[in-house]
Each structure stands twice: as structure tokens, then as C-alpha cells.
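To keep things clear, I will list the structure first and then write my remarks on it.
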Amino acid sequence: MTTILEKGNITIHTENIFPIIKKSLYTDHEIFLRELISNSVDAISKAKMASLAGEFSQELPEPEISITIDKEKKTLSISDNGIGMTVEEVKKYINQVAFSSAEDFITKYGKTANDLIGHFGLGFYSAFMVAKQVEIDTLSYRDGVTAVHWSCDGSPEFQLSDSSRTTPGTTITLTIMDEETEYLEEARIKGLIKKYSDFVPVAIKMNGETVNRQKALWKESPQNLTDDDYLEFYRYLYPFQEDPLLWVHLNTDYPFLLNGILYFPKLKPDVDVTKGQIKLFCNQVFVSDHCEEIIPEFLMPLRGVIDSPDIPLNVSRSALTNHRTVRRIADFISKKIGDRLKSLYNDKKGEYIRCWEDVGTFVKYGALRDDKFKKQVEDLIIFRTTYEANQGEEKAKVEVQSGDDDAWSDVKTDESYPYTTLKEYLERNKAKHENRVFYTTNAQTQSTYIDLYKNQGIEVLYMDSFIDNNYFIPFLEREYTDVKFSRVDSELDSNLVEEDKAGEIVNPQTNKTRGDEIKEIFEKAINKPKVNIKTQSLKAEKQEETPPAMVLLPEAMRRFQEMTAMMQQTEMKFPDEHMLVINISHPLIENIYQLSKSSIIQAGGESSNQEMVNLMCQYVYDLALMAQRAFDAQGMTDFVVRSNQVLTKLTKR
């Protein structure tokens, strides 16, 4: 017959906290298993400490936590071979809610809080979220004590009696509620162990099988780890993902304790850079995958693990509390990332360049958002360039993001495409164009313009990542106030144009130059008052290799249109007002000009070739537009019709 040692009411230190714990404190019911396993790990750690202090006469067994499911009885049991509890300890640590045995143990043995997982003293009571009855069977390692049985049905009433237990340790048995029977499924419990307790340093067994991994790589010394160790751990955390580009091992014990491994993943266009995938742990117990308060915003796309008992959590461990330590940890992480990048840049330039198209997004965004980080990395920001590389200079295949379809595409690189910093670019081009930067945002659609600059020996920077155009270029302009940034299609630099080629008067009666007459021909043919037509002669050894005409968008106007479209979350429409530059030195333009002069003027005032001239002018304009943007459906239809008309007329001649 069971002897009832005592009956009573559980002492509540905070008014009405028991129903709060049961119903409201923990929003996610599944974390009860995390809390109970963490308590078992604590009990095993306490046993080890007390044994080392010489308090036990018997030898400790191999640490182990065993989980058992009985579907018929609807029970789930968590058993450990830890320190166990005496009757007095059960009364103190179980019946007095919110009195943490971890805190009491630390005081007695002089250990730091980092040696134990539990801090709140409330984790045990999370069991009542899923259980209609909770029982404790426990026996302390201390000599001369008896085993104890504690039982509670979820009300403030409990029963304390003797127990037949003969082995030291503790077993928590939960009689699961009818609406929570998912926790009687072995697969569900194994999944929760893997999620929350995979890296606790104690074997957790079900049916004799060890379920958890136990080894936490981030707790190891970096000197003892190989690249394969880091890669294998990443693949375990993020299966079916491409290998990371590089990683940073965090390890500090002052002014806070922090361990972790952060990985730079290969970015994809569909990655939401505002959502983090870093896993937060507290003493190897998973807490959350939301680290927004700890990780600086610009590093959110990083992956990996952060583990710190010094990160202040709320009582359910599901959210961070606002605390100065959190801000200091964020600054520390930011600095370590900057140090790692600087080391890679200085020691392994080729690897740095190989990673740049992905890492560069982090670096640029970080420079925008964090002034301390900006100072760390400002000399590490590089750009692909058309500058002719010296022998042996680092190259790398790159990937750029197209602003049109938001997809990644390979860009062919060769010996003429090295990388450079902005300071190097400015120094190298002092003589040609001091304090002037020519750049491209899309190597494909702007290739005509890039070639024009390259042919005249003018260096162009590729600022073609998605962060450059709307954010980073304006940022650079604020940093370099005396430097002007011009996209290659915004204007024609004087180095690209022959001086006064169109200035010779060819019609004394009208006092018009050849350039004036060509301008009038195109204005009449195109018939678009908002298109500003300008005639110039482009420099080239072979004029047939230059474009006959180019559409230019002034820098300020284009940026205003882009910013407006971004704010309105719409696609930028090609502006009706733009400049059309006619290259009067091109053979095609000369042929159109001569064609307009060669026929007899008819009664209506037009030459017999006027229709052909108009078609050719419109066709030249179409080609210039195509170098700037893709046609919509109607524009493409019109282009095809004009192409057929031109070809038809040419074949009649």
C-alpha cells in the first residue's frame, strides 16, 4: 500500500501564474519536450559536478536520457540518470513555482550559469500544456535517502508519496490529453528531439536508439577543425543546398560568452534577404530561428548557428528582450565578419574575387547600413572593369542579376575583365577624366555603349548587381562628393566625339550645316516632338563598327524615373522625352542623307525617295531604341512591319 507522505497546495510566487503557465506562457505547445530534456541534461551536469566534489560514494553511469511512449496508457516518459531529488528538494524546486534549482545549485557550487541550461524554474510546468497529469519518480544520489513520487493533475493540488525506484535519477511521466495525442507518435517526438535537443551533450535514446547528434561543432576550437568539418556541418543544417562560399567561427568569452559559426551562402534571386536562417541556441539547446535583434540587418541572409547563454530571453525563450548585451553582440558579429573579409582579401585574393558577386551584396548593404562596418570594408569593395588586366591579375567568372527578369545569367569574362576598387579606378584615370566614373548596370543591354567607350580606351565599371543602381551608386556619390558618376548611356563624353565634324556649312542659301540638314531629315521622319535629336560624329577607326544612332537618357532624369517606379512598386516606363544622337560619320547616315538629295522634287515638295528615307530613319531609330530597352508587343509588331517594308523596297531597286 502506498504511504501518502504529504498533501498540500503548490506555492505560487506570482499571483495566478499557474493557469498562465498552463495556457498562455508558452505559445507553442511542442516546446514542453525541450524544457523537460533540458532539465534532464541539467540533472546529469549537476551529478557530475557533485561527484567531482566528492559527495557521492558510488560511480556515475554513462550519462543518458531515455524517452518512452505507451500508447495504451497515453503516457510519455522522460527518464535520466542525473542527480535526482530528495523529498526536501522536490518540495523546494517543484512545489514552489519559479524557484529555479539551477540558480540555487550555482550558488552552492560556485559555478557560472553557463554550466547549466535552465534559468527560469518554469520549464517543468510547460508539461501541463499537453498533459492532464504529470508524475515525478526520483531518487537522489545522496546516501541514505528514499525515492520520492510526486503527482499533480494540473490544479494547484499535488500528492507527495514514497516510491519504489531503486536507481538514482528522475523520470517524468506525462499522461497526454486527448487533444494532444500527436505527442504519442514516435516520429513526432524524434522530430522534436532533432529540432530542439540535437546538440545537447547527452545521448537521448528511444527504443535503445540514440536519436540526437550530441556534438556541437561551434563549441570546438577552430584549430581542431578542417574545411570538410565545416562543410559537413553546413550540409547537415541545410540539406540540398549549394555549399557555402566562406564561413566565420565565432568564439569569445568576454565581455559576453558567445560561440557560433556563420556561413555566407550563395545568393539566389528568390532569397528574401529580410528573413534570417540563423539558428539561435542557448547552451546547445535550440531556441529560435529568428535572430533579427542579434544579427545586423545586412547580415540576415547569413546561415549558421549562434549560441550564447548571455543573450537575454523572455521566460518562454521564444523571443529576445531588449538589452544592451544584444546590441554589443550584434556589433561583435559585424566586426568579426569584417575581419574575416579583410583577411580573405589580403591573403587569398582569388578566392575573395570568386565569392564577390554573392558576398558583395552583404558588403555593400552593410556599408550602407552600418558606419562602423563601412570603415572596415570600404577598401575591400571591388567592381568588375573593362580595364586591360596586367599579366597574372586575378580574374573570376561572375554572375550578375538582370534588372529586367530578375534572373541570374552568366557573363563571359576574359583577360580584359579584372576587378578594381573605386580608388584605383580614379587614380588610374586621372589624366583622361579626373573625378569621373563611367559605369554600366547591364552588360548585355548596354553593350553598344560599353564598346564605344572601350574602343576609345575609356575604362567602364560594371555596377550591375541589384543593389547598385538604386542604392549603392547614390551612396558612393555622397562618399565621393567631388566625383561624378555617369552611366554609359546617359551622355557622350567629349573623348568619344570628333570636334565640329557637323559644323561645315553645306547650303549657303539656308545657312545650314550638314548636321542641321540630317537633323531635319530625322525630325520629319520620326515625327516625335519629345525626342531631342542631336547630330555628332563618333570617333572610330572604322565607322561601320560604330552605331549609326544612339538613344541617351540623361542621368538625373533616368534616376528620377527609376526612383519613382521603385517607390510606386511599378516597372519603370521608358520616358517619351529622351535624346537621339545621330552619328553623321556613319556610312548608313551618309547614304540616307544622299538618298534624300538624289531624287527629283515632286509637286508635293517631297523627293521621289522620301518614303524610303522616312522608313530608313525610323528603322535607325528602332535599332537605337532596341539597344536601350526591349520592345513591348506593339513596338515589336511595328518594327517587324517596318523591317519588311525596308527589305521589300530594297529588293525592288
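So here's what we get for this one:
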| quantity | calculated |
| --- | --- |
| Leading residue by the ranking (surrounded by the fewest Cβ atoms within 10 Å (Cβ to Cβ)) among those in the stretch 128-180 that are acidic (Asp, Glu) and under 23 Å from Gln58 (Cα atoms) | Asp143 |
| Hits in the stretch 371-385 (condition: open to solvent by 20 Å² or more (accessible area, probe 1.4 Å) and either assigned to a helix (DSSP H, G or I) or at pLDDT below 90 (or both)) | Asp371, Lys372, Lys374, Lys375, Gln376 |
| Residue count, the stretch 75-92 (criterion: open to solvent by 20 Å² or more (accessible area, probe 1.4 Å) and either over 44 Å from the mean Cα position of the chain (by Cα) or closer than 18 Å to Gly144 by Cβ (or both)) | 6 |
| The stretch 4-59, residues that are more than 23 Å from Leu76 (Cα to Cα), of a type in the set (Ser, Thr, Tyr) and at pLDDT below 80 | Thr11, Thr14, Ser57 |
| Residue within the stretch 218-229 that is over 21 Å from Ile294 (Cβ atoms), within 21 Å of the chain's Cα centre (by Cα) and of a type in the set (A, V, I, L, M) present | no |
| Scan of the stretch 440-451 for residues that are open to solvent by less than 10 Å² (accessible area, probe 1.4 Å) and more than 16 Å from Pro554 (Cα to Cα), ordered by number | Ile450 |
| Filtered residues of the stretch 31-47 (kept if open to solvent by 10 Å² or more (accessible area, probe 1.4 Å) and closer than 13 Å to Pro168 by Cβ) | Ala43, Ile44, Lys46 |
| Filter pass, Thr570 being within 23 Å of Gln444 (Cα to Cα) and at pLDDT below 75 | yes |
| Test: residue in the stretch 386-402 that is within 25 Å of Asn470 (Cα to Cα), in contact with a Lys or Arg (Cβ under 7 Å, 6 or more places away or on another chain), in a strand (DSSP E or B) and at pLDDT below 85 | yes |
| Per-region count, the stretch 516-560, residues modelled with pLDDT of 90 or more, part of a helix (DSSP H, G or I), of a type in the set (D, E, K, R) and within 26 Å of Ile450 (Cα to Cα) | 1 |
| Selection from the stretch 558-581 of residues that are of a type outside the set (D, E, K, R) and touching a strand residue (DSSP E or B) at 6+ places or on another chain (Cβ under 8 Å) | His578, Met579, Leu580, Val581 |
| Residue in the stretch 561-583 that is assigned to a helix (DSSP H, G or I), among the aliphatic types (A, V, I, L, M), without any contact (Cβ under 8 Å) to a residue 12 or more places away in the chain and open to solvent by less than 30 Å² (accessible area, probe 1.4 Å) present | yes |
| The stretch 639-653 - residue that is without any contact (Cβ under 8 Å) to a residue 12 or more places away in the chain and part of a helix (DSSP H, G or I) and, of those, farthest from Val620 (Cα to Cα) | Lys652 |
| Out of Lys530, Lys484, sole residue that is surrounded by fewer than 16 Cβ atoms within 10 Å (Cβ to Cβ) and under 41 Å from the mean Cα position of the chain (by Cα) | Lys484 |
| Neighbours by Cβ (under 8 Å, 6+ apart or cross-chain): first from the stretch 472-487, within 21 Å of Asp371 (Cβ to Cβ); second modelled with pLDDT of 90 or more and of a type in the set (Ser, Thr, Tyr) | Ile473/Tyr439 |
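Yes/no per residue for (1) touching a helix residue (DSSP H, G or I) at 6+ places or on another chain (Cβ under 6 Å); (2) basic (Lys, Arg):
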site: Ile172; (1), (2): yes, no
site: Tyr183; (1), (2): no, no
site: Arg188; (1), (2): yes, yes
site: Leu192; (1), (2): yes, no
site: Tyr196; (1), (2): yes, no
site: Leu217; (1), (2): yes, no
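The values are calculated or read from the model by the stated rules, or taken from the named source; none is laboratory data. Quantities reported herein were computed from a predicted structural model and do not represent experimental measurements. Glycine gets a Cβ as well: all are built from the backbone with ideal geometry, and neighbour counts include every protein chain shown. Quick note on the areas: whole protein, heavy atoms, side chains included, nothing else; ligands and nucleic acids left out. Shrake-Rupley method; radii C 1.70, N 1.55, O 1.52, S 1.80 Å.
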